Amino acid sequence: MAYPRMIKRGERFDPIDVARQTERIVCRDGARKYTAFYATGVYGGIATGYVVGCCLRCFFCWTDFSRDFPEAYGKYYTAEEACENIVRAARRWKVSKARISGGEPTLCRKHLLELLELIEERDEVKLFILETNGILFGADESYVKDVAGLKKVYVRVSLKAGEPGAFEARTGASREFFELPFRAVKALLDHNVRFHVAAMTDPRIMPSEERRRLIERLAEIDEFLAANLEEEVCDPYEGTLVRMQFYGLNPIEFFGREGLGTT
Amino acid sequence: MALRDAIKALLELTELEGEDVALKSLCSAFGIEVPRELMGLEDLPPRVALAIAYADRELRPLLRKVASEVLREKLARSPMGRPLGVKIK
């Protein structure tokens, strides 16, 4: 299968296969590709390592073009190097939270687990937020077990859809993999990992009936998770605009001229 | 304010956002006293603080009970403000 990059409406792939293909590009001998390390204002200030590569191709994704062309972006960092860069960013911006973001952090399992172990030893970081789409955690519960014992780890699982057809249409991943993020949620709960669930419920992307079904589905797993759901809003980042256009949506119609700041 | 009321207020306040402001700042802005049970988590975003509290086996039953109430109200609201008639177990 050709490596999927930006998707057009109707394209689909096996996200586990894409995860493995992506890992062949972005993981090397325990190292992983990153594009940058710095702190941002989200979560009230957090040191962030931006990783390259993902196993989904959401048309609304905000990240830069390293998601679509991982060969062309980033440099390889060992877990030690990544840890040092994250801690340096935390010190410089005087924050005690850290995360890796941008791409999908659960790719390159060996690298991630080494990094998390190293973070456990560093006093500068009190909380490490692991943001994931839940695909690989849902596919292999042993991966969830691996992070369950780590005291500083906090997971944020981001759901993309409330039904299989919408999952396939928005992410490019075949509908048969729709359940994986929900399995991840269940596994995180079963292993008493500290986490919350987010979902792209922006009404311009997700119809209200689907949003309701997603919340109900979460409530079937655990009502607290549904009540504490983080509802995401789609913002007009450069990558988002290009991906939308490629997908077949008009970003001007989607966001409006006011939303794009062009009025 | 009782713990139950504080949790309910926080779950409602963080329905859309709640990642970028600390629990103590949100509580201060809305006149909510940070519950004793959430002390130590007040510098975290409220949603994260609540999720961490939920991992505490002692706090879990209360949080689940309040969440159930909040959820009923949340699902009763359609985008047009009309009840959807959804039943939650």
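Key figures
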{"item": "A:Glu23, sole failed condition from (1) within 14 Å of another protein chain (Cβ to nearest Cβ); (2) modelled with pLDDT of 95 or more", "result": "(1)"}
{"item": "Condition check for A:Glu168: buried (at least 17 other Cβ atoms within 10 Å of the Cβ), at the interface with another protein chain (Cβ under 9 Å from one of its Cβ atoms), among the charged types (D, E, K, R) and assigned to a helix (DSSP H, G or I)", "result": "no"}
{"item": "Test: residue in the stretch A:72-84 that is in a helix (DSSP H, G or I) and modelled with pLDDT under 95", "result": "no"}
{"item": "Qualifying residue in the stretch A:31-54 (condition: part of a helix (DSSP H, G or I), at pLDDT 95 or above and in contact with a Cys (Cβ under 7 Å, 6 or more places away or on another chain))", "result": "no"}
{"item": "Residues located in the stretch A:104-157, provided they are more than 18 Å from A:Glu84 (Cβ to Cβ), in contact with a helix residue (DSSP H, G or I) (Cβ under 8 Å, 6 or more places away or on another chain) and touching a residue at least 60 places away in the same chain (Cβ under 8 Å)", "result": "A:Glu104, A:Leu107, A:Ile129, A:Asn133, A:Ile135, A:Leu136, A:Ala139"}
{"item": "Matching entry among A:Glu220, A:Glu210, A:Glu163 (being more than 14 Å from chain B (Cβ to nearest Cβ), in contact with a helix residue (DSSP H, G or I) (Cβ under 9 Å, 6 or more places away or on another chain) and either surrounded by fewer than 23 Cβ atoms within 10 Å (Cβ to Cβ) or β-branched (Val, Ile, Thr) (or both))", "result": "A:Glu163"}
{"item": "Unmet requirement for A:Ile205, which otherwise passes all of (1) assigned to a strand (DSSP E or B); (2) within 28 Å of A:Phe255 (Cβ to Cβ); (3) β-branched (Val, Ile, Thr)", "result": "(1)"}
{"item": "Output for the stretch A:190-202, where each listed residue is more than 10 Å from chain B (Cβ to nearest Cβ) and not in a helix (DSSP H, G or I)", "result": "A:His191, A:Ala199, A:Met200, A:Asp202"}
{"item": "Filter result (among the aromatic types (Phe, Trp, Tyr) and under 18 Å from A:Met206 (Cβ atoms)) within the stretch A:218-251", "result": "A:Tyr247"}
{"item": "B:Arg72 being among the charged types (D, E, K, R), within 10 Å of chain A (Cβ to nearest Cβ) and within 19 Å of A:Thr201 (Cβ to Cβ)", "result": "yes"}
{"item": "Selection status of A:Val185, at pLDDT 95 or above and either in a loop (DSSP other than H, G, I, E, B) or farther than 30 Å from A:Glu117 by Cβ (or both)", "result": "no"}
{"item": "Search result, residues across the stretch B:45-89 that are at pLDDT 85 or above and outside any helix (DSSP H, G or I)", "result": "B:Pro45, B:Ala55, B:Asp56, B:Arg57, B:Glu58, B:Leu59"}
{"item": "Enumeration of residues in the stretch A:171-182 that are part of a loop (DSSP other than H, G, I, E, B) and either among the hydrophobic types (A, V, I, L, M, F, W, C) or on the phi > 0 side of the Ramachandran plot (or both)", "result": "A:Gly172, A:Phe178"}
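Listed here are the residues, each with its yes/no results for (1) buried (at least 23 other Cβ atoms within 10 Å of the Cβ); (2) among the acidic types (Asp, Glu).
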| site | (1), (2) |
| --- | --- |
| A:Leu56 | yes, no |
| A:Phe69 | no, no |
| A:Lys75 | no, no |
| A:Arg88 | no, no |
| A:Arg92 | no, no |
| A:Leu115 | yes, no |
| A:Glu121 | no, yes |
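The values are calculated or read from the model by the stated rules, or taken from the named source; none is laboratory data. Source: prediction; values computed, not measured. Cβ atoms come from the backbone with ideal geometry, glycine included; neighbour counts cover every protein chain shown.
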